[in-house]
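Okay, so here's the structure we're looking at.
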Amino acid sequence: MNTCRMLLALISVCATVAIAAEKPNIVVIYTDDVGFADVGCYGAKGVATPNVDRIAKEGLRFTDAHCSAATCTPSRFALLTGSYAFRQKGTGVLSGNAGMIIKPGVPTLPSLLKEAGYATGVVGKWHLGLGDGNANWNEAVKPGPNEIGFDYHFLIPATGDRVPCVYLEQNRVVDLDPADPIETSYGKPIGDGPFGTDIPDQLKQKWSHGHNSTIVNGISRIGFMTGGEKARWVDEDMADVISHKAVSFIEQHQEKPFFLYFSTHDIHVPRVPHSRFVGKSTMGLRGDAIVQMDWCVGEVLNTLDRLKLTDNTLVIFSSDNGPVLDDGYVDMANEKLGDHDPAGGLRGGKYSVFEGGTRVPFIVRWPGHVDAASESDALFGQVDLAASLASLVGVSRPEKALPDSQNELDTLLGEDSVGRPHLVHEAKSLALRVGKWKYIAPATSRDKLGPWNNVKVEKPGALYDLSRDRGELHDVGGANADKLAEMAKLLAALQDQNDR
């Protein structure tokens, strides 16, 4: 028996070494606000996503995979650092002027892959802060992605609805005219206006709440900005611009292993798809933005095919949080929804501690290593990508690095059908998954997809059995008091845990 176990262990080690020796290219396509059922292979209606569906047809589709938080900044922080965002203050949704929240020198997913010999690049939405706070956009903005392991970056600094509305490449604003310097403010109004509050009916896309300050490209944003007229983006061109940069990165680094973190803007507000995508869904601008997002995915897949890199590239597709409808602009997202259910029967969405806030599409393709057209209901968290991918390429993480990231490579590749023993979800409050059980700590959370309902979870918290109640409609904590207390205790212990 002992000889048999030793042989199996040896086979496992050899297999791991063999995979690490291959050092596949790694592409993470990270979409924005795409809900669990917003793409075809998860049941979308009224919109076609052939490129995303291709990844599922040729790879592994997860049904219980999660981003770490119900909003973008903390999910992105957790993905890159392997640490739950609630462990560090200031990791909520950031303003466009915020300093970088990942500290230079902290081991990250890109820094570990770089150590393993990878060329590393990030293209698209960032929203993790830049500089030391209140950045001077007219100079080199540091620290930034280069200081945490990325060799190259081309960024939307924050979000499409926040100033500054410019691209940043290798620390500098693209196409900035020094004679027209940029200034931004998230407090006192600056500039001569008019602002969104002044001429709401003259805007290209009217704001519904909050997005009523400086107008760029006919759309009012969060925050104030002056200058940089030549450098300002055109929303309709954004998908083309960032897809071109992603393709260029792959082309330039095809001769060595590369890691590309391609973070699309779609389908975040403002939803302003290029004219060639308008009307391509039955859901108006939100659905058309999904079509545009799928096109971006296709540009990456087609480039891998053209360069004959498909077989040696691990592609991961996912989203930073659950879906939202009206999120600040009048784009008819609610009115034109039709039969489409963005969260696929899950409760809540973006901003919510319920399952719809964090359970997102998650698809993995790696020909020859992941079974085609396969499915997994294992519990998986994006926070584990850092440790899992580090293991894949054979690099050791430093002691106490990636504190919440577990090596779930076997789950990622479809070899483990169970997955994580537990997983924390973050909104304004926290929740905990353990197998079929979902515990929500006492707090007030948003519900629905906008406009929202606020739901108050009373002490000692709520407990749901997701095997019987996928929509989290029936709190069974009263009938399972011991289980509720056990999960509350575990969540409290995880909150206090500083070491992995």
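Could you give the length gained on full extension between GLU458 and GLU22, defined as 0.36 nm per residue of separation minus the Cα-Cα distance, in nm? All intermediate terms of the calculation are to be shown ahead of the outcome.
Numbers: separation 436, 0.36 × 436 = 156.96 nm, distance 5.14 nm.
Between GLU458 and GLU22, full extension yields 151.8 nm more.
Count the net charge of all other residues whose Cβ sits under 9 Å from the Cβ of ARG433, scoring Lys and Arg as +1 and Asp and Glu as -1. Don't jump to the answer; show the numbers that get you there.
Values: positive: ARG420, LYS436, LYS438; negative: ASP64, GLU355.
Summing Lys and Arg as +1 and Asp and Glu as -1 gives +1.
Relative to one another, the C-alpha centroids of the range 161-216 and the range 235-271 are positioned 23 Å apart. Projecting the Cα positions of LEU412, SER83, THR184 onto the charge dipole of the chain (unit charges on Cβ atoms of Lys, Arg, Asp and Glu, taken about the Cα centre) puts SER83 furthest along the positive direction.
Once the Cβ-Cβ distance of ASP371 and ASN134 is raised to the sixth power relative to R0 = 51 Å, the FRET efficiency obtained is 0.55.
Provide the net charge surrounding ARG365, with neighbours chosen by a C-beta distance below 11 Å and charges set as Lys +1, Arg +1, Asp -1, Glu -1.
Working: positive: ARG54, LYS57, ARG61; negative: GLU58, ASP311, ASP371.
That works out to 0.
Roughly what % antiparallel, to the nearest 5, for the DSSP beta bridges in the chain? Before the final figure, lay out each step's value.
Numbers: 37 of 68 bridges.
Percentage antiparallel, nearest 5: 55.
Remark on VAL39: its backbone amide H falls under 5 Å from those of ALA44, a criterion applied only to residues 5 or more positions apart or on other chains, H modelled at 1.01 Å from N. Loop-only trypsin sites (Lys or Arg not before Pro) in the range 203-261, please: DSSP not H, G, I, E or B, and at most 14 other Cβ atoms within 10 Å. Counting only loop positions with at most 14 other Cβ atoms within 10 Å, the trypsin sites (Lys or Arg not before Pro) in the range 203-261 are LYS204, LYS230. Label positions at HIS244 and SER275, each projected 7 Å from the Cα along the C-beta direction, are separated by 1.7 nm.
Averaging Cα coordinates gives a centre for the range 277-296 and one for the range 382-434; these two points are 32 Å apart. Computed 3J(HN,Hα) for the range 407-413, one whole-Hz value per residue from the Karplus formula 6.51 cos²θ - 1.76 cosθ + 1.60 where θ = phi - 60°, is 6, 10, 4, 5, 5, 4, 9, glycine and proline marked x.
All other residues with a Cβ under 12 Å from the Cβ of HIS274 taken together, and with Lys, Arg as +1 and Asp, Glu as -1, what is their net charge?
On the way: positive: ARG271, ARG276, LYS280; negative: ASP235, GLU236, ASP237, ASP240, ASP266, ASP288.
Its environment carries a net charge of -3.
The alpha-carbon of LYS336 sits under 25 angstrom from the alpha-carbons of these lysines, leaving out residues fewer than 8 places away in its chain: LYS45, LYS204, LYS206, LYS280, LYS350, LYS448.
A Förster radius of 41 Å combined with the Cβ-Cβ distance from ASP192 to SER396 puts the calculated FRET efficiency at roughly 0.15.
Spin-label pair LYS57-ASN312: with each label point 7 Å from Cα along the Cα-Cβ axis, the two points sit 2.6 nm from one another.
Values of log10 I(q)/I(0) for the range 183-226 across q = 0.31 Å⁻¹ run -1.14, by the Debye formula with one identical scatterer at each alpha carbon and no solvent. When shorter helices are ignored and each DSSP H run of at least 4 residues is given -39500 (n - 2.57), the per-residue value for the chain at 222 nm works out to -7000 deg cm²/dmol.
For the chain, what does the equivalent ellipsoid look like in terms of its semi-axes, each the square root of 5 times an eigenvalue of the Cα gyration tensor, given largest first in whole Å? Before the final figure, lay out each step's value.
On the way: eigenvalues 231, 155, 100 Å².
They are 34, 28, 22 Å, listed largest first.
Put simply, the amide H of MET283, placed in the peptide plane, has neighbours under 5 Å in ASP288, leaving out anything fewer than 5 places away on its chain.
Test of understanding: ordering ASP384, ASP331 by Cβ neighbours within 10 Å, fewest first, what list do you get?
Starting with the residue having the fewest Cβ neighbours, the order is ASP331, ASP384.
Sorting 55-63, 477-485, 396-404 by average packing, meaning the other beta carbons within 10 Å per residue, from highest down gives 55-63, 396-404, 477-485.
Can you work out the PRE-style zone for ASN334? Point 7 Å along Cα to Cβ, and I want the residues of the range 442-473 with backbone N under 11 Å. Answer for the range 442-473: 449-453.
Couplings 3J(HN,Hα) for the range 116-124, derived from phi with the Karplus relation 6.51 cos²θ - 1.76 cosθ + 1.60 (θ = phi - 60°), are 7, x, 7, 7, 10, x, 10, 10, x Hz, where x marks Gly and Pro.
Subtracting the Cα-Cα distance of THR444 and THR282 from 0.36 nm times their residue separation leaves 54.9 nm of extension gain. Amide H contacts for VAL216 (H built 1.01 Å from N in the peptide plane; partners 5 or more residues away or on another chain; cut-off under 5 Å): ARG221.
For the range 212-223, putting each phi into the Karplus relation 6.51 cos²θ - 1.76 cosθ + 1.60 with θ = phi - 60° gives couplings of 10, 9, 4, 9, 10, 6, x, 10, 7, 10, 8, x Hz, in residue order, rounded to whole numbers and with x for Gly and Pro. Ignoring lysines fewer than eight residues from LYS489 along the same chain, the ones with Cα atoms less than 21 angstrom from its Cα are LYS428, LYS436, LYS438, LYS456, LYS459. Taking the empirical scaling 2.2 N^0.38 Å for compact globular proteins as reference, the range 390-500 has a Cα radius of gyration ratio of 1.25. Based on Cα contacts under 8 Å between residues 6+ apart, the chain shows a relative contact order of 23 percent.
Restricting the GluC sites (Glu not before Pro) of the range 186-261 to loop positions (DSSP other than H, G, I, E, B) with no more than 13 neighbouring Cβ atoms within 10 Å leaves GLU229, GLU255.
Each value in this text was obtained by applying a stated rule to the coordinates, not by laboratory testing. Keep in mind that this is a model prediction, so the values were computed, not measured. All Cβ positions, glycine included, derive from the backbone under ideal geometry; neighbour counts span all protein chains shown.
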